[in-house]
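> First the structure, then my questions, so here it is.
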Amino acid sequence: MVSRRRVEPREERTSRPVGREVLCFQEAATMADTPSNDDDILDAPDRGSAEELLDAGGQDEIGAMRHSTAHVLAEAVLDLFPGTKLGIGPAIADGFYYDFDLPRPLTPDDLESIETRMHESMAADHRFVRKEIALDDARAVAEGQGQIYKVEILDDLAARAIAGGDLPPVTSFYEHGPFSDLCKGPHVESTGRIGPFKLLSVAGAYWRGDEKRPMLQRVYGTVWGSQEELDQYLWRRAEAKKRDHRRLGVQLDLFSFHDVSPGSAFWHPKGQRVWRTLEAAMRELQERRGYEEISTPILVHKKLWQQSGHWDLYGDNMFRLETEGQEFSLKPMNCPESTIVYRSRLRSYRDLPIRYNEYGRLHRNERSGTLSGLTRVRQFIQDDAHIYVRPDQLAAEIEALLGEVREAYSWFGLEPRFAFATKPDKALGDPALWERAEALIRGALDSAGANYVVKPKDGTFYAPKIDIYIDDALGREWQMATIQVDLVMLPERFDLTYIDEAGQPQRPIAIHRAIYGSLERFIGILVEHFAGAFPLWVAPVQAVVIPIADRHVDAARELAAVMRARGLRVEVDASDGRMQNKIRVAQEQKVPYMMVLGDREIEARTASPRTRAGEQEPAEGWEKLATRLATMAAARRPD
RNA sequence: GCCGACAUAGCUCAGCGGUAGAGCAGCUGUUUCGUAAACAGCAGGUCCUCGGUUCAAAUCCGAGUGUCGGCUCCA
């Protein structure tokens with residue numbers, strides 16, 4: 001079933017505030033989010049209409065309040081910093097922002113005084129009054145006030161009105177107290193109706209998102225209907241900070257970053273154990289599903305990238321180097337090289353599908369400002385695979401892939417959601433091929449019964465794709481897996497063929513797929529999702545044996561050996577500390593099971609595991625216990 | 001890359017012109033303990049790097065690097 005409703009950005013939850021949801025001004029809204037070159041995926045006959053575009057977040061009450069708070073923020077800033085030029089101030093998920101061109105950078109102290117000033121405005125309970133005004137008059141007013149950004153918006157509005165003839169040459173202002181702002185509304189009745197709020201941060205933001213335009217200062221804030229909701233939101237933020245994988249990565253000794261290689265993780269033994277466990281699980285799935293693993297060079301001559309199209313379209317993101325007058329690049333993707341293996345001999349229609357998986361080390365030269373822990377890196381490894389199929393096999397293969405996604409995510413208790421991303425503006429290949437690929441994907445999604453949304457123009461430059469999203473334990477959305485159906489880059493550019501029943505060469509279709517995506521990123525997300533308390537099967541240390549006194553250490557080592565013989569990852573805490581302290585340490589390391597060993601247990605050769613949840617399980621014989629835990633771990637359950 | 005902030009012991013942080021501190025971790029000793037922190041002592045730092053101002057710089061200024069919050073980009 002095709003989701004024919006317009007993809008509604010408001011429904012997207014993201015892990016950070018994204019200011020594109022709802023915008024105050026027509027042009028801003030148009031620029032930010034409206035697909036201009038639509039196809040039948042979208043059914044929005046009224047898209048572009050003034051009514052829709054001007055809706056400033058007031059579709060619901062809380063949106064109207066957030067937007068109203070942005071106005072009060074602007075009032076306060078204008079009051080405290082005369083001469084401030086206003087940008088735009090929309091409602092966003094969980095709050096609002098306003099962009100300002102200020103005489104000097106804002107500090108955290110400024111936020112406090114701005115908040116104070118805002119409280120005054122709210123106490124005064126100014127009414128929000130809507131004023132209709134002719135565009136020309138509005139422009140004159142804005143110009144008189146030196147509000148150059150508003151003038152720009154009004155000029156654009158006027159241009160559209162003239163060009164389209166469908167806009168009344170009238171616009172609206174909203175006034176409250178001394179403040180007036182170009183705005184469609186709606187707003188709450190008065191400033192006194194605004195709930196508890198808090199200003200959160202200041203950040204730079206280009207005017208209209210264009211890096212060639214001036215950088216404005218964006219103030220982010222949050223506002224809620226009740227103190228309780230505000231507190232809950234702030235708690236969620238604090239909780240997210242506690243779960244931050246960069247923080248837990250240090251605490252749990254999983255990985256570190258160093259300035260000798262910005263954007264690339266150093267994996268410590270425990271992190272590497274997590275890594276290898278995930279990799280082994282995926283390899284097991286892949287072998288079971290008919291994949292064959294390959295391995296290709298990291299350092300590759302530019303002619304390969306010229307052939308694939310990366311050199312032109314992706315070159316800025318590639319690390320290049322030169323030797324003996326020849327230019328090479330570190331590979332940013334595995335795909336072009338998989339074709340070399342494919343082409344190493346003639347392929348028959350009977351050979352397909354061919355499924356090559358590869359855990360290749362990739363380098364992408366991400367801009368320095370975008371690097372962020374494990375979620376945005378310059379070096380990473382994907383659980384990557386390239387599948388070559390006949391056209392008649394495509395639908396079945398995609399269905400199988402959707403099944404793989406569901407299986408793999410069930411190991412972590414994650415629910416995948418699907419999004420179908422179509423042709424971007426900057427794309428390779430014949431538009432007819434794109435149309436065909438998109439139709440095939442939609443058909444496969446439908447027959448797999450997948451529930452999905454459509455993301456227009458969000459495909460890669462060589463393929464439409466299915467992106468898979470999950471919501472983590474804090475309700476944050478993450479993009480994870482991707483399935484890309486490539487009729488262009490690999491098959492056409494590398495002239496791939498197979499010989500059909502009639503002895504004629506035919507073009508295969510290539511599918512690029514990664515289910516974890518980058519292992520780095522996936523582990524980072526898992527750390528945050530589980531707050532570091534990995535499921536038993538993933539935990540770097542699955543159990544710690546805790547001898548009560550020194551005389552119990554030998555027995556503890558024996559028990560550990562019994563458990564290791566069952567493939568469990570077990571450590572013995574033979575330190576000088578007291579048992580209580582050893583428990584505390586294991587607890588802080590989020591070790592799933594602790595086995596306290598004293599005279600009683602050793603006598604009976606039993607142990608009673610304490611879980612990290614603080615539960616005490618009944619005593620069990622060593623062999624039985626080891627077998628039980630090993631069975632649980634092998635089941636790959638999400639707890 | 002751009003805007004802003006930050007960078008002090010392994011970790012978390014204090015000090016903010018007079019030459020470096022705490023807690024935890026580590027080491028040593030005492031303790032041998034029954035389900036989330038035993039006690040004592042010791043050791044540990046080119047205060048990110050380079051340059052400048054100053055009698056004197058961790059502290060003020062500039063540049064660089066890295067990190068963080070965003071913008072932008074994004075397979």
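> For the structure I just gave you, tell me whether A:Asn317 is in contact (Cβ under 8 Å) with a residue 40 or more places away in the chain and in contact with a strand residue (DSSP E or B) (Cβ under 7 Å, 6 or more places away or on another chain).
Details: in contact (Cβ under 8 Å) with a residue 40 or more places away in the chain: yes; in contact with a strand residue (DSSP E or B) (Cβ under 7 Å, 6 or more places away or on another chain): no.
Taking the combined requirement at face value, the residue does not satisfy it.
> Could I ask something else about it? Inside the stretch A:211-261, can you point out the residues that are under 17 Å from A:Leu474 (Cβ atoms) and assigned to a strand (DSSP E or B)?
A:Thr222
> Please tell me if A:Leu428 is surrounded by 18 or more Cβ atoms within 10 Å (Cβ to Cβ), in a loop (DSSP other than H, G, I, E, B) and in contact with a Lys or Arg (Cβ under 8 Å, 6 or more places away or on another chain). Walk me through it before giving the result.
Numbers: surrounded by 18 or more Cβ atoms within 10 Å (Cβ to Cβ): yes; in a loop (DSSP other than H, G, I, E, B): yes; in contact with a Lys or Arg (Cβ under 8 Å, 6 or more places away or on another chain): yes.
When the stated conditions are applied, A:Leu428 passes them.
> Any idea which residue in the stretch A:247-280 is farthest from RNA strand B (Cβ to nearest atom), counting only those that are among the aromatic types (Phe, Trp, Tyr) and free of Cβ contacts under 8 Å to residues at least 24 places away in the same chain?
A:Trp267
> Here is a follow-up. Provide a single number: the residues in the stretch A:342-361 that are of a type outside the set (D, E, K, R), touching a strand residue (DSSP E or B) at 6+ places or on another chain (Cβ under 6 Å) and either without any contact (Cβ under 8 Å) to a residue 40 or more places away in the chain or surrounded by fewer than 19 Cβ atoms within 10 Å (Cβ to Cβ) (or both).
Looking only at that region, the number is 4.
> Next question, about the same structure. Can you tell me how many residues in the stretch A:606-627 are farther than 11 Å from A:Met595 by Cα and hydrophobic (A, V, I, L, M, F, W, C)?
Of the residues in the stretch A:606-627, 2 are farther than 11 Å from A:Met595 by Cα and hydrophobic (A, V, I, L, M, F, W, C).
> So if I check each of A:Ser338, A:Ser368, A:Ser372, which one is among the small types (Gly, Ala, Ser), in contact with a Leu (Cβ under 8 Å, 6 or more places away or on another chain) and more than 22 Å from A:Leu440 (Cα to Cα)?
A:Ser338
> Tally up the residues in the stretch A:490-529 that are within 12 Å of RNA strand B (Cβ to nearest atom) and part of a strand (DSSP E or B), please.
Count: 5.
> Is it true that A:Arg605 is farther than 30 Å from A:Glu284 by Cβ, in contact with a helix residue (DSSP H, G or I) (Cβ under 7 Å, 6 or more places away or on another chain) and surrounded by fewer than 16 Cβ atoms within 10 Å (Cβ to Cβ)?
So A:Arg605 fits the description; yes.
> Given (1) in contact with a Gly (Cβ under 9 Å, 6 or more places away or on another chain); (2) closer than 30 Å to A:Trp434 by Cα, identify the lone condition not met by A:Ile523.
Condition not satisfied by A:Ile523: (2).
> Do you know which residues across the stretch A:183-218 are of a type in the set (A, V, I, L, M, F, W, C) and either out of contact with any helix residue (DSSP H, G or I) (no Cβ under 7 Å at 6 or more places or on another chain) or more than 17 Å from A:Gly63 (Cα to Cα) (or both)? Steps first, please.
First, pick out the residues of the stretch A:183-218 that are of a type in the set (A, V, I, L, M, F, W, C): A:183, A:188, A:194, A:197, A:199-200, A:202-203, A:205, A:207, A:215-216.
Answer for the stretch A:183-218, where residues must be of a type in the set (A, V, I, L, M, F, W, C) and either out of contact with any helix residue (DSSP H, G or I) (no Cβ under 7 Å at 6 or more places or on another chain) or more than 17 Å from A:Gly63 (Cα to Cα) (or both): A:Cys183, A:Leu200, A:Val202, A:Ala203, A:Ala205, A:Trp207, A:Met215, A:Leu216.
> If you don't mind, another one. Quickly run through the stretch A:149-199 and pick out the residues that are within 16 Å of RNA strand B (Cβ to nearest atom) and more than 18 Å from A:Asp101 (Cα to Cα).
A:Lys198
> Filter the stretch A:567-593 down to the residues that are within 6 Å of RNA strand B (Cβ to nearest atom) and under 22 Å from A:Trp537 (Cβ atoms) and list them by number.
A:Gln587, A:Glu588
> Checking A:Leu487 against (1) within 11 Å of RNA strand B (Cβ to nearest atom); (2) without any contact (Cβ under 8 Å) to a residue 60 or more places away in the chain; (3) within 23 Å of A:Glu293 (Cα to Cα): exactly one of these is not met. Which one?
All conditions pass for A:Leu487, except number (1).
> Return the residue satisfying two criteria in turn: it lies in the stretch A:97-140 and is surrounded by 15 or more Cβ atoms within 10 Å (Cβ to Cβ) and part of a strand (DSSP E or B), and of such residues it is modelled with the lowest pLDDT.
A:Ile133
> Considering the stretch A:70-90 alone, what residues qualify as being of a type in the set (Gly, Ala, Ser) and either part of a loop (DSSP other than H, G, I, E, B) or modelled with pLDDT under 90 (or both)?
A:Gly83, A:Gly87, A:Gly89
> Let me ask you something else. Could you say which residue among A:Ser308, A:Ser329 is buried (at least 19 other Cβ atoms within 10 Å of the Cβ), under 25 Å from A:Glu492 (Cβ atoms) and in contact with a strand residue (DSSP E or B) (Cβ under 9 Å, 6 or more places away or on another chain)?
A:Ser329
> Among (1) touching a residue at least 60 places away in the same chain (Cβ under 8 Å); (2) in contact with an Asp or Glu (Cβ under 8 Å, 6 or more places away or on another chain), where does A:Thr606 come up short?
Result: A:Thr606 passes all but (1).
> Has the stretch A:382-393 got at least one residue that is surrounded by 18 or more Cβ atoms within 10 Å (Cβ to Cβ), within 11 Å of RNA strand B (Cβ to nearest atom) and on the phi < 0 side of the Ramachandran plot?
For the stretch A:382-393, residues surrounded by 18 or more Cβ atoms within 10 Å (Cβ to Cβ), within 11 Å of RNA strand B (Cβ to nearest atom) and on the phi < 0 side of the Ramachandran plot: present.
> Cβ-Cβ below 8 Å, separation at least six or inter-chain, first residue in the stretch A:568-583 and free of Cβ contacts under 8 Å to residues at least 40 places away in the same chain and acidic (Asp, Glu), second within 9 Å of RNA strand B (Cβ to nearest atom) and outside any helix (DSSP H, G or I): which pairs?
Final answer for the pair search is A:Asp573/A:Ile546; A:Asp573/A:Pro547.
> For the stretch A:147-164, indicate whether the set of residues that are of a type outside the set (D, E, K, R) and part of a loop (DSSP other than H, G, I, E, B) is non-empty. Give the steps one after another, and end with the answer.
Step one: filter the stretch A:147-164 for residues of a type outside the set (D, E, K, R), giving A:147-149, A:151, A:153-154, A:157-159, A:161-164.
Right, trim to part of a loop (DSSP other than H, G, I, E, B) and you get A:147.
The answer is yes; a qualifying residue exists.
> Follow-up. What number of residues in the stretch A:363-378 are surrounded by fewer than 20 Cβ atoms within 10 Å (Cβ to Cβ) and under 18 Å from A:Leu278 (Cα atoms)?
Total meeting the criteria: 1.
> I'm checking my understanding of the structure. Among residues of the stretch A:518-549 that are of a type in the set (Phe, Trp, Tyr) and surrounded by 24 or more Cβ atoms within 10 Å (Cβ to Cβ), which one is nearest to the chain's Cα centre (by Cα)?
Restricting to residues being of a type in the set (Phe, Trp, Tyr) and surrounded by 24 or more Cβ atoms within 10 Å (Cβ to Cβ), the top hit is A:Phe522.
> Go through the stretch A:615-636 and give me each residue that's part of a loop (DSSP other than H, G, I, E, B), of a type in the set (D, E, K, R) and modelled with pLDDT of 95 or more.
Of all residues in the stretch A:615-636, those part of a loop (DSSP other than H, G, I, E, B) come to A:615, A:617-619, A:635-636.
This time we only want the ones that are of a type in the set (D, E, K, R), so: A:615, A:617, A:636.
Answer for the stretch A:615-636, where residues must be part of a loop (DSSP other than H, G, I, E, B), of a type in the set (D, E, K, R) and modelled with pLDDT of 95 or more: just A:Arg636.
> Just one of the numbered conditions (1) touching a Pro at 6+ places or on another chain (Cβ under 9 Å); (2) free of Cβ contacts under 8 Å to residues at least 12 places away in the same chain is not true of A:Leu496; which one?
Unmet condition: (2).
> Something else: Pick out the one residue from A:Arg218, A:Arg213, A:Arg237 that is in contact with a Ser or Thr (Cβ under 9 Å, 6 or more places away or on another chain), under 27 Å from A:Arg66 (Cα atoms) and surrounded by fewer than 17 Cβ atoms within 10 Å (Cβ to Cβ).
One residue alone meets the criteria, A:Arg237.
> Looking at (1) surrounded by fewer than 14 Cβ atoms within 10 Å (Cβ to Cβ); (2) farther than 28 Å from A:Phe319 by Cα, which is the one condition that is false for A:Tyr291?
(1)
> Look at the stretch A:446-483 and say how many of its residues are over 18 Å from the mean Cα position of the chain (by Cα), in contact (Cβ under 8 Å) with a residue 60 or more places away in the chain and either closer than 11 Å to A:Phe420 by Cα or in a strand (DSSP E or B) (or both).
Adding up the residues that qualify gives 1.
The values are calculated or read from the model by the stated rules, or taken from the named source; none is laboratory data. Fair warning: this is a prediction, and the values are worked out from it, not measured in the lab. Cβ sites come from the backbone with ideal geometry, for glycine too, and all protein chains shown count toward neighbours.
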